[in-house]
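The values are calculated or read from the model by the stated rules, or taken from the named source; none is laboratory data. Keep in mind it's a predicted model, so treat the numbers as computed, not measured. Glycine also receives a Cβ, built like all others from the backbone with ideal geometry; neighbour counts cover every protein chain displayed. Just so you know, the surface numbers come from the protein's heavy atoms only, side chains and all, with ligands and any DNA or RNA stripped out. Shrake-Rupley method; radii C 1.70, N 1.55, O 1.52, S 1.80 Å.
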Amino acid sequence: MELARAFSTMAADLPAIFSMIVVSVVGLVMLTVAAFRSDHPSIPWLGVAGMVVASAWELFQLGTEPGTAFFGAIRVGGYAAFINLLVLLAGIATTILSVPYLHRLKHDYGEVYALLMYATVGMILLGSSNSMVSIFVGLETMSVCLYVLAGLIREDEGAVEAALKYFLLGAFSTGFFLYGIALMYGATGTMYLPAMAQADLATAGGTLLFWAGVALFLIGFLFKVSAAPFHMWTPDVYQGSPTPLTGYMSTASKAAAFGSLILVLYYALPAERWTLVLAVVAVITMVVGNVMALSQANVKRMLAYSSIAHAGYILVALAAGTEAAFAGALFYLLVYTVMNIGAFGVMALLEWDGREGRVQTLDSLAGIGTDRPVLGVTMVVFMFSLTGFPPFGGFFGKYAVFAPAVDAGLTWLVLIGVLMSAVSGYYYLRVVYVFWMQDRDDVVDARQASLGGLPPVSRTSQGVLVVCAVGLVAMAFFSGGLIEAATGFFDASAMAAAGGGG
Amino acid sequence: MDIPYLTSLVIFLPTVGALLTLLLRRASAIRWTALATTTGTFALSIVLFLGYDPAVSTAGAPQLMDISAAWFPDAIDVKYFVGVDGLSILLILLTTLLGPIVVLSSWTYIDAKEKGYYALLLLLQTGITGVFASFDLILFYVFFELTLIPMYFIIGVWGGENRIYAAIKFVLYTLVGSLLMLVAILYLGYEAAAVDPGHVFTTDWYTLLEYNIPADTQTWLFALFALSFAIKVPLFPLHTWLPDAHVQAPTGGSVILAGVLLKMGTYGLVRFCLPLFPNAAQSWAFALAALAVVGIIYGALVARAQPDAKKLVAYSSVSHLGFVVLGIFAFTTEAMQGAVIQMVNHGISTGALFLLVGMLYERRHTRRMNDYGGLATSVPILSTLMVFSVLASAGLPGLNGFVGEFLILLGSFKSTVLDSVALVALATTGVILAAVYLLYMVYELFFGELTDPANANLADVNAREFVLMAPLVLLMLVMGFFPQPFLKQTAPATTFLLDTIEEKHAAVEAMEAPPTADDAAREALPVAPPEAAEVTLDPDDLRSFDPDR
């Protein structure tokens, strides 16, 4: 290919990555401002503004005809726009929630928000990838930023341990991932997902090479979405990281990784060969996540295990492997992002400076609903939604992932899934009763004796949480339409249009 | 009167009231709003009741229905579909009647966090009415689960000493059952889609009713549905959540729980388990009826042993609902009619008992029967009301309880499905046992020596309490002496259900019956002449067959 032509194509394709460009450039501006005054109050809002512009763009792209750019490496419109929008909205919510939290911990460095922006860029790239190379670049951009963010609170030994653990295990899994890509390339001779599906595997022992590659590749992905048995890092990292950022890690990064994994399954892997593997991983993930969450005293740790469990529910849909199931998984990612960011957001506003650092135990929050009614009510919505109670979004999410799995003949898997949801009812409802039903007399003294007491109310943060909660209630009416829209992304013509490159 | 969207209005008016209460600050304003909303809803439901015409068949569609298909994508037949038929109309009326009564009974009892309490109470009413009005299984499920959330808080926040344990137990028990039912609903929808010409996933009750499910699929779908409803009823041995929930719940919560919430279980059995899975339901009928009879006797014996009046009434529910389940699984017109009417009767009489025990508790802050005694002289009106309710509950002829129990027992004796006189005879002893434990309670509370001065100075019922009790006592008399108007409402629906069950049962049997000799001969004839069918045995072949080889 001529260099001149390549340049002209790339220049013409630049609008396709408009949101990535905006977020990166605004990130640079934020860094520049931070160079002069690290805790300048405008920095996070710059980031929010940038992401709002980017998400407006992606919202516009949702309706456009899907296609590819950069010689088929990047997908635009439709499916990619959905994932990107999800990631950007999560980024906006997280930034707003982080402001009072980091300010209170005196860690409100501008670099933090800039890193958040770059993690978002990585996720956008991951979500719009159409080739193994861009998947890898996106995944690593995202991960490197998250490693740093996990260790933000340097004084806290737990945070340092979390960051190191995350980094070491993450680097290890990247090795698997990369080697898997190499083997798949060796077997198929292409990096592009649509082309990979058409490759003739029968030649030169390609089958073994290919499936060995797929296995390693899946390990890398399952690590990123914290599916058991690759979940060991999750509780420690989620507990040690700054709380709003934990919400971000548990939602946006999963949304992007799952979004990309769905494409790989849809395009590159011969149909139905993965079903049993993913079904087994889904069972282990649901059981480990839900059972381990039962005994957690620390709310963040409990939510960490719960997010493992939710990865399991999404894997149920992936195991089913039909278009309806993939659409259900997309819808589930949306619901899950809203409720999990909300749950971590509430915890961010309730962590108080006890004598032993950041206190996050459930016991310390007895009767908190009376002191902080807005947080209490929104937390109730998030917990019921996470359990899967109608009329909240969580129920419709479960419907969207479980119904296609029943259709695909995986009723046994769905039975395990709903039984595990019943188990999850125990620990989610425990949060509700501690917030609203327990006597607060025992802990009020401790709360007052502690240096800071409860964090002050932040109106902006509460606003974000109320929006999340209202959104979950509104899904009682709109989930049908959303599921239909998600199904539209897997339209044969839409997929063909986006798969043409390479 | 012709009010558009009447059924939906009856369902959602309480939600509007709940949102209104959230905007108010003063406790009295909140109480009055709640009372006005529930009374208005009751008035609307009277219009609904009058609008329902039992002479018009509901075999193809419910009456006064509201349908909106915009809820889910076109490719999926899940829709907002509510209406009334003979099965649901009385239960809806009961639910809306208990609304204002419960609000009045909570007037002084709830003295903290009134806003949350009344908002949740109204939301709960929406959920229960929705359950009875839904004709789409997913919609039914949504309402079914929606009732759990408010009840969880009502028990957990305004309940007694051990409220958290009771609330969690209540939710988890129900949740396990209902989630399994959800899987069954999904499976059923896709099974129906497989035979549907358009291959549309459907949860429309009427569409599903036309689909004959193979018998072995029926068995496990029935098991999942029945488990969920049996937990809700609750059927022995799944009843253990009930006494905890009742004892810990505030009076209003107990009345709703016993009055209508438990009926969601028995209603679900009649509405879904029987007509959708008739073959499985009939083959399991004896087992379930036997569990019901065990529950009748066990509930009665345990009730007799309780020192706590509220717990006694709670266990009496286990016993009384056993009758309803027995009536459902008898598969006769009388028993089914009796079961439906008994659901309403139990709601009225047990609701009244919980209200009266609650009044006593509000006065003395104890529910132990030992602490009372001789109240007949100090609170004569309350005593009269209690005696009335107890007699109704025990099934005295002339009061409502008798009608239902009599029909159930009569129908069960005639039942060919159960075909066991001994079982029904055992159930009949439950009527006697009910008289034993209920009269024991009356004796302990109201008769004997008036020893405790605290009891002697007890205030009798005030105007508010009298007003809230009056409609219930009136209904006990009316339904006892003139059951016919009420039975007339339910008769077409029960007949339709039983006919459908019979028809589908036969259809599935015909579908699955092994071809008879005649069929085989007729089918074999054109294919091969009879000679070819003859098998000639070679003695050598026979000898060469050596089992040890």
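Stretching the chain fully between B:MET511 and B:THR384 yields a gain of 39.9 nm (0.36 nm per residue, less the alpha carbon separation). Computed about the Cα centre, the dipole magnitude for the range B:1-283 is approximately 1120 debye when only Lys and Arg (+1) and Asp and Glu (-1) carry charge, each at its Cβ.
For the range B:285-481, with all protein chains in place and a probe radius of 1.4 Å, 69% of the accessible heavy-atom surface sits on carbon or sulfur. Compare the Cα positions of A:THR95, A:ILE135, A:GLY342 along the charge dipole of the protein assembly as shown (+1 at Cβ of Lys, Arg; -1 at Cβ of Asp, Glu; about the Cα centre) and return the one farthest towards the positive end. Among A:THR95, A:ILE135, A:GLY342, the one farthest towards the positive end of the dipole of the protein assembly as shown is A:THR95.
Based on protein heavy atoms only, the range A:271-492 ends up with 31 Å² per residue of surface accessible to a 1.4 Å probe.
The Rg/Rh ratio for chain A is 0.96, where Rg is the radius of gyration of the alpha carbons and Rh is the Kirkwood radius. Computed about the Cα centre, the dipole magnitude for the protein assembly as shown is approximately 3420 debye when only Lys and Arg (+1) and Asp and Glu (-1) carry charge, each at its Cβ.
Over the residues of the protein assembly as shown, the helix contribution to mean residue ellipticity at 222 nm works out to -24000 deg cm²/dmol, using -39500 (n - 2.57) for each DSSP H run of at least 4. Surface calculation, 1.4 Å probe, protein heavy atoms: A:VAL52 sits at approximately 70 Å² accessible. Within chain B, helices built from complete DSSP H runs that reach 30 Å or longer along their own axis (Cα positions) and carry a mean Kyte-Doolittle hydropathy of 1.0 or higher are B:27-51, B:163-195, B:421-446. Distance from the Cα centroid of the range A:361-376 to that of the range B:312-382 is 38 Å (rounded to whole angstrom). The equivalent ellipsoid of the range A:271-492 has semi-axes of 35, 19, 13 Å, largest first, where each one is the square root of 5 times an eigenvalue of the Cα gyration tensor.
Taking each of A:LYS224/B:LYS232; A:LYS398/B:LYS488; B:LYS113/B:LYS232; B:LYS115/B:LYS169; B:LYS115/B:LYS263 in turn, the alpha-carbon distance tops 31 angstrom for A:LYS224/B:LYS232; A:LYS398/B:LYS488.
Multiply the residue gap between A:GLU65 and A:GLU484 by 0.36 nm, knock off their C-alpha separation, and tell me the result in nm, one decimal place. Let's see the in-between values first.
Working: separation 419, 0.36 × 419 = 150.84 nm, distance 1.68 nm.
Here the answer is 149.2 nm.
With a cut-off of 11 Å on the backbone N, the residues of the range B:284-312 near the modelled label site 7 Å out from B:VAL436 along Cα-Cβ are B:297-298, B:300-305. For the range B:1-283, the per residue solvent-accessible surface stands at 29 Å², with DNA, RNA and ligands left out and a 1.4 Å probe.
For B:LEU396 and B:GLU502, the FRET efficiency from 1/(1 + (r/R0)^6), where r spans their Cβ atoms and R0 equals 30 Å, is about 0.30.
When the alpha carbon coordinates of chain B are projected onto the principal axes, the ranges are 102, 52, 48 Å, largest first.
Only one residue of B:THR203, B:LEU180, B:VAL157 has its Cα farthest out toward the positive end of the dipole of the range B:151-218, where Lys and Arg carry +1 and Asp and Glu -1 on Cβ, and that residue is B:VAL157. Applying D = kT/(6 pi eta Rh) to the protein assembly as shown, where Rh is the Kirkwood radius over alpha-carbon pairs, T corresponds to 20 °C and eta to 1.002 mPa s, the Stokes-Einstein value obtained is 69 µm²/s.
Each principal axis of the Cα cloud of the range B:243-290 was evaluated for its coordinate range; sorted largest first, these ranges are 41, 20, 10 Å.
Find me the longest stretch of chain B that has none of the exposed GluC sites (Glu not before Pro), where exposed means in a DSSP loop (not H, G, I, E or B) with at most 11 other Cβ atoms within 10 Å. Answer - B:162-448. Which trypsin sites (Lys or Arg not before Pro) in the range A:327-424 pass both tests, a DSSP loop state and at most 15 other beta-carbon atoms within 10 Å? Passing both the DSSP loop test and the Cβ count: A:ARG355. Once both labels are positioned 7 Å from their Cα atoms along Cα-to-Cβ, the gap between B:ARG25 and A:TYR179 label points is 6.8 nm. Between the range B:57-98 and the range A:205-226, what's the alpha-carbon centroid distance in Å? Value for the Cα centre distance between the two parts: 50 Å. The calculated FRET efficiency for the pair B:THR451 and A:ARG459, based on their C-beta separation and a Förster distance of 45 Å, comes to about 0.15.
Averaged over the residues of peptide B:170-180, the number of Cβ atoms from other protein chains lying within 10 Å of each residue's Cβ is 5. How big is the A-B contact in terms of buried accessible area, both chains counted, 1.4 Å probe, rounded to the nearest 100 Å²? Between A and B, the summed buried area is about 3100 Å². A simple charge model with +1 on the Cβ of Lys and Arg, -1 on the Cβ of Asp and Glu and nothing else charged puts the dipole of chain A at about 120 debye relative to its Cα centre.
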